[in-house]
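Just so you know, all these numbers are worked out from the coordinates, no wet-lab data involved. Computed from a predicted model, the values in this text were never measured in an experiment. Methodologically, a virtual Cβ is constructed for each residue, glycine included, from the backbone with ideal geometry; neighbour enumeration extends over all protein chains shown.
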Amino acid sequence: MVKFLKLYEKIGIFIFFVAGGIFLSIASPHFLEGDTILNVIAQGTYGAIVGFGMTLAITLGGFDLSVDAVMALTSVFISILIPHMGMILAVFFSLIIASCVGLVNGFIITKLRVNPLITTLAMMTIIRGVALLVTGGRQIVIQKKEFMFLGTGKILGVPNPIYIMIVLFVIFYFILYHTAFGRHISAVGSNENAARISGLKVDFIKIAVFVLVSFTAGVAGTIRTSQALIGIPTMSPGFVLVAITVTILGGTSLSGGRGNLWGTLFAGVFVSMIYYGLNLLGVQIYYQMLSVGLVLIFALFVDGMRTRYLEKIKVKGIKV
Amino acid sequence: MVRKAGIGAKIAGRWDSYGLPALFVVLFLVFSILSPTFRTSFNFISNLRFTSFIGIGSIGMAFCIMNGDFDISVGSMLALVGVLGSSLLPLVGGVPAVFFALVIASFLGFVNGIFITKLRIPAFITTLGTMFIFRSLAFIYTDNAPVYISNKFWLFMGNGKVLGIPFAIIIMLLCYCAAFVLLRKTPFGRFVIAVGTNREAARLSGINVERVKVLVFTIVGFFVGVASVVISANLGSANPGMLGQGYEFQVITAVVLGGTALGGGDGNLWGAFFAAMIITFLKNGLGLEQVNSYWQFVAVGLVLIFAVSMNRIKYTVLGQKEV
C-alpha cells in the first residue's frame, strides 16, 4: 500500500492524463489532430503557470488566494501602460507591480505574523478593489494589435503560451530542485521551527516565494490580456481554485515539504482536457467550475489518505 | 503564576470589552457629523437591518473559528440555499419553504463537516472546493436566472416589522441569544472551545472531536440558512450569481474583528455582533460620503488585516496562546 501511495505521488497524475487522453480520443475523432492537442495544451498553460508558483507556496506550507486578483491587476496595468511606454516596458512594469503584491503579502505574513490564508484572502479583496478603482470599473481596450502575438501567435506552429509555460517550468524546476533556495523551501515546509533553528532565513524565503507566486499570476494575466486585447478588472474570478487544484492533483502534498512540479505541469493540461471533454458534451460553462471543484475534493481525499497511511507506517515502525 | 499586568496588557485585555464599542461610537459620530442622511433614525434602523445580514452568518463562523477551522463556502452556500428555498415557495408555501431552506442549509454544512472529518481534509481547502461546487450548483439549478419571491411569509422575514422594529433584527437577536446559551451554558459549547484550544487534549479527555466538528459545520450551515432567507427576502429575489458574493469574507472579518483568535480556542460572540455593526455602518457611511464603492473592497480588506494584527498583539501581550 505504501509503495502504491508513493508511486501514486510520483506518477498518479500521468495515469489520469493518459486515461483522459485515451477517453477523449475515443470520444472525439478530432482530438488526436495536432492542432487540437496543441490548443488543449495552450488552454492548460494558465493553470500550469500559476500552478508552478502555487506549488512553491504549498511546498512552503502556505497558500496564496490572491492570484486571480493579481491576474486582473496585471491585465489592467498592461492596458493602461501600453499607450505610454510600448509593449515590452508595459509588460515589464506590470509584472513588477504584480510581484510587489507578493512582496506585500510576504511582509504581512512574516512581519505582522498574520495567517497566510487570511492575508491572501484579504489581499484578494483589496487588489480586486484596486484593479476596479484604477479603471473605474470599466474594461480598457488595447489599441496595439501587435500585442496579440504574445498570447495567440505561433512560432513553428506551436502557440506561444506553450513556450512561455516551458520556459517557466524549466526555471521553477531549477529553482525548486537544483538550488539551495529550493531545498530551503522544502525545509521550511516540512518543519518551520527546525528550519529556523538551523539558521535559515525563514522570513526571507517566505517573502521570496510569495513574490514568485504573484509573478506567475502576473504572467498568466499577461497571456490572457494579450488574447482578449482588453484590460479586464474582473478577470478570471475563482481562478485560484484551478491553481490549487492543479497543484494538489499533481501530487504536491498539502502537509508541505514535498513539491511535484512535473505533476503540476501535467495536471494543468489535464484540467484543460476536462474542459475540452465538457465542451464535447455541450454542457453549460458552470459545469467547468463544478468539475474542477469535484476534482479538487478528490485530489484532497487521495492526499489525505496518503498522509494518513504514511503516518500510520511511521508509528508502526517505531513500535517494532 | 501571578503577574502584574502592565499598561499594554491592560489596554489589550479591555480591547474586546470596550475597544469595539468605542470604535463603533467614534465611527458613528464621525459619519453623523459628516452626513445629515447618516444621522437620521431611518438610516440607523435600516443599517441595523443590514447588520443582521452579516451578523447572523457571523454566529456560525464564530463557532467554526473557535473550533480552530474556517468555512469559506458560506457565501456560495447562501446562494444555493437561497435559490433552492425560494424555488420551493410556489410548491409548498411560505412556512415549509423556510423550514426546508434551513434543513438544506444545515445539510450542506453537514456535508462540509463529513468531508473534513471523514476524509481528513483541512477545512479551509475543503470549503474552498465546496465554495465553487455550491456556486456552480446554484447556477446549474437556476440556469443563471434569478428566482423572484412573492410569498408574503418569506418576504416578511427580511422586510417585515414587529412593533416598528424590523423583523430581521429580532431574528438576529434571537439567534445571538440562542448561540450564547449554546456556547456558554451547554457541554457542547465547552467542547467546541476545548477542541479549538487543543484538539489532541480534547480527544484524550474523551471528547468525540469528529462529532463536535461535524456539528459545528452543521451549525455554520444552519445560520447561513437563516441569513439566506433574510437576505433574499430583503432583495425580493434569489440571484445565483449575486447572492452571497464576498459574504465569507465579511463574516470572517466580523468574527476576527470581534476578537476571536484565528488559531481557535475561546472567542467573543458579542464582539462579532459589534464588529458586524462596525462593518455595516462603515460601508453605509462611506457610501453616503460618495466614496467610490470599490474603496469598500479595499476598506474591508484592510480592516481584516488590522483586526488579525490587533488580535495577535493582544494575545502576545497577554502571554496567551499564539494566534
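Within the shell of other residues whose beta carbon sits under 11 angstrom from the beta carbon of B:Leu183, the net charge comes to +2, with Lys and Arg scored +1 and Asp and Glu -1. Dipole magnitude for the protein assembly as shown: about 1720 debye, using +1 per Lys or Arg Cβ and -1 per Asp or Glu Cβ, origin at the Cα centre.
Spacing of the modelled spin labels on A:Ile26 and A:Phe301, each 7 Å from Cα toward Cβ, amounts to 2.2 nm. Across segment A:144-157, coupling constants 3J(HN,Hα) worked out from phi with the 6.51/-1.76/1.60 Karplus curve, θ = phi - 60°, read 6, 5, 4, 4, 4, 4, 4, x, 10, x, 10, 10, 6, x Hz, and Gly and Pro carry x. Per residue of peptide B:287-296, the mean number of Cβ atoms on other chains within 10 Å of the residue Cβ is 3.
Karplus-derived 3J(HN,Hα) values for segment B:211-218, using 6.51 cos²θ - 1.76 cosθ + 1.60 with θ = phi - 60°, are 5, 4, 5, 4, 4, 4, 5, 5 Hz; glycine and proline are entered as x.
If the label point is 7 Å along Cα→Cβ of A:Phe204, which residues in segment A:93-126 have backbone nitrogen under 17 Å from it? Counting backbone N atoms under 17 Å from the label point, the list is A:103, A:106-107, A:110-111. Residues whose amide H lies under 5 Å from that of A:Gly231, counting only those 5 or more places away or on a different chain, are A:Ile140, A:Val141, A:Ile142; hydrogens are built 1.01 Å from N in the peptide plane. Remark: the A:Lys111-A:Asp35 segment gains 22.5 nm on full extension, using 0.36 nm per residue and subtracting the alpha carbon distance. Its DSSP H runs of at least 4 residues, each contributing -39,500 (n - 2.57), put the calculated 222 nm mean residue ellipticity of chain B at -25000 deg cm²/dmol, to the nearest 500.
Placing R0 at 30 angstrom, the Cβ-Cβ distance between A:Asn193 and A:Trp262 gives a FRET efficiency of 0.50 after rounding to 0.05.
The packing ranking of peptides B:19-26, A:193-200, highest mean first, is B:19-26, A:193-200, where packing means the average number of other beta carbon atoms within 10 angstrom of each residue. In terms of packing, defined here as the mean over residues of other Cβ atoms within 10 angstrom, the peptides A:49-58, A:253-262, B:256-265 line up highest first as A:49-58, B:256-265, A:253-262. Inter-label distance, B:Phe44 to B:Asn198: 4.7 nm, where each label sits 7 Å from its Cα along the C-beta direction.
Dividing the mean sequence gap of close Cα pairs (under 8 Å, 6+ apart) by how many residues chain A holds gives a relative contact order of 35 percent. Rounded if a/c is under 1.5, else prolate if a/b beats b/c, else oblate: with a ≥ b ≥ c from the C-alpha gyration tensor eigenvalues square-rooted, which is segment A:119-211? Oblate is the answer for segment A:119-211, as a/c is 1.5 or above yet b/c matches or exceeds a/b.
Taking chain A as a Gaussian network of alpha-carbon nodes connected by springs under 10 Å, the highest mean-square fluctuation of the residues A:Tyr163, A:Tyr275, A:Tyr309 belongs to A:Tyr309.
The mean sequence distance of close C-alpha pairs (under 8 Å, at least 6 residues apart), as a share of the length of chain B, puts its relative contact order at 33 percent. Among the listed pairs A:Lys201/B:Lys314; B:Lys161/B:Lys283; B:Lys152/B:Lys185; A:Lys312/B:Lys213; A:Lys10/B:Lys118, those with a Cα-Cα distance over 28 Å are B:Lys152/B:Lys185. Among the helices of chain A (complete DSSP H runs), which have Cα atoms covering no less than 18 Å along the helix axis and a Kyte-Doolittle mean of at least 1.0? Qualifying helices: A:2-27, A:45-59, A:67-111, A:116-135, A:160-178, A:202-228, A:261-281.
Taking a ≥ b ≥ c as the square roots of the eigenvalues of the Cα gyration tensor of the protein assembly as shown, is the shape rounded (a/c under 1.5), prolate (a/b larger than b/c) or oblate? Rounded. For segment B:240-254, 3J(HN,Hα) computed residue by residue from phi via the Karplus equation (6.51, -1.76, 1.60; θ = phi - 60°) reads x, x, 8, 4, x, 5, x, 5, 4, 5, 5, 5, 4, 4, 4 Hz, glycine and proline entered as x. When only Cα pairs below 8 angstrom with a gap of at least 6 residues are kept, segment A:206-282 shows a relative contact order of 17 percent.
Taking a ≥ b ≥ c as the square roots of the eigenvalues of the alpha carbon gyration tensor, segment A:2-313 is oblate, as a/c is not under 1.5 and a/b does not beat b/c.
Under the convention that each Lys and Arg Cβ holds +1 and each Asp and Glu Cβ holds -1, the size of the dipole of segment A:2-313 around its Cα centre is about 540 debye.
For the residues of B:303-314, the average number of beta carbons from a partner chain within 10 Å of their own beta carbon is 4. The label point for B:Met242 and the one for B:Phe306, both projected 7 Å from the Cα toward the Cβ, are 2.9 nm apart. Figure legend: label point modelled 7 angstrom from the Cα of B:Leu163 along Cα→Cβ; no residues of segment B:214-233 have amide N under 12 Å from it. Inter-chain neighbour count for A:63-74: the average number of beta-carbon atoms from partner chains within 10 Å of each residue's beta-carbon is 1.
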